[in-house]
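Since the structure comes first, as structure tokens, the remarks are kept for the end.
Derivation of every value follows stated rules applied to the coordinates shown; laboratory data play no part. Please read these numbers as outputs of a predicted model, since none were measured by experiment. Heads up, the Cβs are rebuilt from the backbone with ideal geometry, glycines too, and the neighbour counts pull from every protein chain shown.
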């Protein structure tokens, strides 16, 4: 199993540009989530999904959209990038809720918005 | 709502010394508690978790943590630090029971191990 994969590893955007961060898992996990990690802030939950077709907001959802059309994929969209979205983004997955099952994290995407 | 406070953003120990990373939580309901480790340029990995069974929880790589309800604490310890333990450590909390999809993370503690 490849586990949780994320692409790209690193991206530079200009303010106002859009992009999609890709996340895929091959473990047939129901639950997937996106976090952002900023220095001194820990990880903050952006959006999560409990299954195909079901998504919900986390702690910091503004400026981000998600969809879950398949069990395997959970892309994160930035419609109009802002410098405040400069961060490291992690995707994670687990069989059910992360409080019941171990969450597996991807290697992260470093995003710089100029 | 739950919250986590990690005391000390940076802890430095000598190789072979005791590792103690502090975590205090706030929760209006019985919590589940977690410690995650992040090595440089990698994602997070679960070290151990408390889910209302034994209060002393043993994890991977020789780490353990003790849930103390009276002190609202879940400190992480390891008797003897190894160079490979150098990483950032995150404490996290969620509500217990049922399907809880939101983990709240602390701000992290960077552990440095000196030779």
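Numbers at a glance
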quantity	calculated
The protein assembly as shown - Rg (one decimal) and Dmax (whole number), Cα, Å	17.6, 51
For the stretch B:1-46 versus the stretch A:77-114, the gap between their alpha-carbon centres in whole angstrom	20 Å
Average beta-carbon neighbours from other chains, 10 Å sphere, peptide B:41-54	4
Spatial extent of the stretch A:1-78: Rg and Dmax, with the Cα atoms as the point set, Å	12.7, 37
Average beta carbon contacts from partner chains per residue of A:29-42, 10 Å cutoff	3
Tail beyond 17 Å, pair distance distribution of the stretch B:14-99 (Cα, percent)	46 percent
For peptides B:69-76, B:5-12, B:46-53, sequence by mean Cβ density within 10 Å, most packed first	B:46-53, B:69-76, B:5-12
Per residue convex hull volume, Cα atoms of the stretch B:38-84, in Å³	95 Å³
